[in-house]
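First comes the structure, then the notes that go with it.
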Amino acid sequence: MIEKAAEKMSIFALPYFEMKGNVRIDNQGKPLDGTYLLLWNGPDQWREEINFPGYTEIQLGSKGIVFLKRNVDFMPLRINQLRTALGYGTAGNSVSMMSLTPRSDETIKRVKDRKVNGTKVKCAEIADQDKHTREVCVDASTGTLVREGAFLDKDMMPVGRKLFPRFLSYVQGGKPLAEVQVAELKTTEQFPSAAFVPPAGSLSRPGCMNPSPFRLVHKVSPQYPEEERRSHVEGTVAVYTWIGVDGKPRDFRIVSGVTPGLNAASIDGVQQWRYDPATCNGTPVEVETVLTVNYSLR
């Protein structure tokens, strides 16, 4: 059921397509609007652009190499959340729509019917060898995947023989932090090679679109600084980092902090976390991500 739903939504199985969208992120409590573009000539030739006032990003894929150019030297938190909302990308995110199908080391424990955002769904509880569980749901009427929790996807639209949401969003505390409104999604003829020339100044690394996601295998809880504990300071720290082919995070940057003490404790903890790395066609690749550390005294 899950594999059929994933196949039904896999627009990346199409030979050629173009997606244009209007995107919005929360910018210190105010909406900031931008644009999104994806040109797809297949897994060995694609181009993706994100543009906001004050922020530009271009990624190109070419035969196992990803070229990246930004006007800043890190991925901002809201851009990471926008990519999470899209449900695909180069970061190997564990909540990608492309990684919801059961892995070879996982088993289905039970299947049940319920509702998600008012929609009737059939959900499978999946467990791995370490007894970590997750749930994957399928819309009973459309036969497509349904993401839960921080996601709100709706209005399935056809493209070729596939279906994809016209609207995708990432929500926290009932507040949308990143939204995608797909303005156009269509199959096309093959794009000319000139559309995929890396821009001057871009950086390259081994990678692909929709790598198999990295997985956390060892986590150290950061120490709650005594000063913040006495002052009852709580919050969430977001740390931008790269997860290497050895599974070790590196090159840390606080992209959303709380206090200097909590920020430093977060980096001290995160640098001890270990992962099974993301992979492209079975080969480990380095990917960027934003990790979050929650501090609560409750």
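Using a 10 Å cut-off on Cβ atoms, rank the peptides 190-196, 267-273 from the highest mean neighbour count down. Write out the running numbers ahead of the final one.
Working: 190-196: 11.4, 267-273: 16.0.
In decreasing order of mean packing, 190-196, 267-273 become 267-273, 190-196.
Between the alpha-carbon centers of the range 96-148 and the range 224-251, tell me the distance in whole angstrom.
Computed from Cα coordinates, the inter-centre distance equals 30 Å.
Cut-off under 29 Å on the C-alpha distance; same-chain residues fewer than 8 positions from K4 excluded. Which lysines are left, in chain and number order?
The qualifying lysines are K20, K63, K109, K112, K115, K120, K122, K131, K154, K162, K186.
Among S204, Q172, I79, which residue has its Cα positioned farthest towards the positive end of the charge dipole of the chain, with +1 placed on the Cβ of Lys and Arg, -1 on the Cβ of Asp and Glu, and the dipole taken about the Cα centre?
Positive-most Cα among the choices belongs to Q172.
Taking the Cα centre of the range 82-207 as origin, sum charge times position over the Cβ atoms of Lys and Arg (+1) and Asp and Glu (-1), and report the length of that vector in debye to the nearest 20. Can you show the working numbers first?
Numbers: 19 positive and 14 negative charges, 53 e Å.
Approximately 260 debye in magnitude.
State whether the range 87-141 is rounded, prolate or oblate according to the following rule on the C-alpha gyration tensor (a ≥ b ≥ c being the square roots of its eigenvalues): a/c under 1.5 gives rounded; otherwise a/b larger than b/c gives prolate, and the remaining case gives oblate. Let's see the in-between values first.
Details: a/c = 2.57, a/b = 1.19, b/c = 2.17.
Here the range 87-141 falls in the oblate category.
Per DSSP H run of at least 4 residues, take -39500 (n - 2.57); add these up for the chain, divide by its residues and hand me the 222 nm value, nearest 500 deg cm²/dmol. Before the final figure, lay out the partial values.
Details: 4 runs with 34 residues, N = 298.
My calculation for the chain gives -3000 deg cm²/dmol from helical runs alone.
From the phi of every residue in the range 17-30, what ³J(HN,Hα) in whole Hz does the Karplus formula 6.51 cos²θ - 1.76 cosθ + 1.60 yield, where θ is phi - 60° and glycine or proline is x?
7, 10, 10, 10, x, 9, 10, 9, 10, 7, 10, 6, x, 10
Within the range 118-185, list the trypsin sites (Lys or Arg not before Pro) lying in a DSSP loop whose Cβ has at most 13 other Cβ atoms in a 10 Å radius. Working shown, then result.
Working: sites: K120, K122, K131, R134, R147, K154, R161, K162, R166; in loops: K131, R147, R161.
Those that pass, being in a loop and sparsely packed, are K131, R161.
Amide H to amide H, which residues 5 or more places from T188 or on other chains are under 5 Å from it, using H placed in the peptide plane?
Y16, F17, E18
Check which residues have an amide H placed less than 5 Å from M157's amide H, if you skip close sequence neighbours.
Long-range HN contacts for M157: F164, R166.
Which value, in debye to the nearest 20, gives the size of the charge dipole of the range 2-188 about its Cα centre, when Lys and Arg are +1 and Asp and Glu are -1 at the Cβ?
Result for the range 2-188 is approximately 400 debye, rounded to the nearest 20.
Enumerate the calculated ³J(HN,Hα) couplings along the range 74-79 in order (Karplus 6.51 cos²θ - 1.76 cosθ + 1.60, θ = phi - 60°), each rounded to whole Hz, writing x wherever the residue is Gly or Pro.
7, 9, x, 4, 5, 5
With θ set to phi - 60° and the Karplus curve 6.51 cos²θ - 1.76 cosθ + 1.60, what are the ³J(HN,Hα) couplings of the range 265-280 in order, to the nearest whole Hz, using x for Gly and Pro?
Here the 3J(HN,Hα) series is 5, 5, 5, 4, x, 4, 5, 9, 6, 10, 9, 6, x, 5, 9, 10 Hz.
Mind checking which of A264, T283, V245 is farthest towards the positive end of the range 215-295's charge dipole, using Cβ charges of +1 (Lys, Arg) and -1 (Asp, Glu) about the Cα centre?
Of the listed residues, the answer is T283.
Of W40, P53, L14, whose Cα points farthest to the positive end of the dipole of the range 2-188 (charges on the beta-carbon: +1 Lys, Arg; -1 Asp, Glu; origin at the Cα centre)?
Of the listed residues, the answer is L14.
Could you list V287, V197, V258, V171 so that the one with the fewest beta carbons within 10 Å of its beta carbon is first and the one with the most is last? Could you put the intermediate results ahead of the total?
Details: V287 26, V197 12, V258 19, V171 16.
Ascending Cβ contact count within 10 Å gives the list V197, V171, V258, V287.
What relative contact order, as a whole-number percentage, does the chain give when Cα pairs under 8 Å and 6 or more residues apart are counted?
Relative contact order for the chain comes out at 20 percent.
Computed from the coordinates by the stated procedures, all read-outs in this text should not be read as laboratory data. Worth saying up front: this structure is predicted, and the values here are computed from it rather than measured. In this analysis, Cβ positions are derived from the backbone assuming ideal geometry, glycine residues included, and neighbour counts consider all displayed protein chains.
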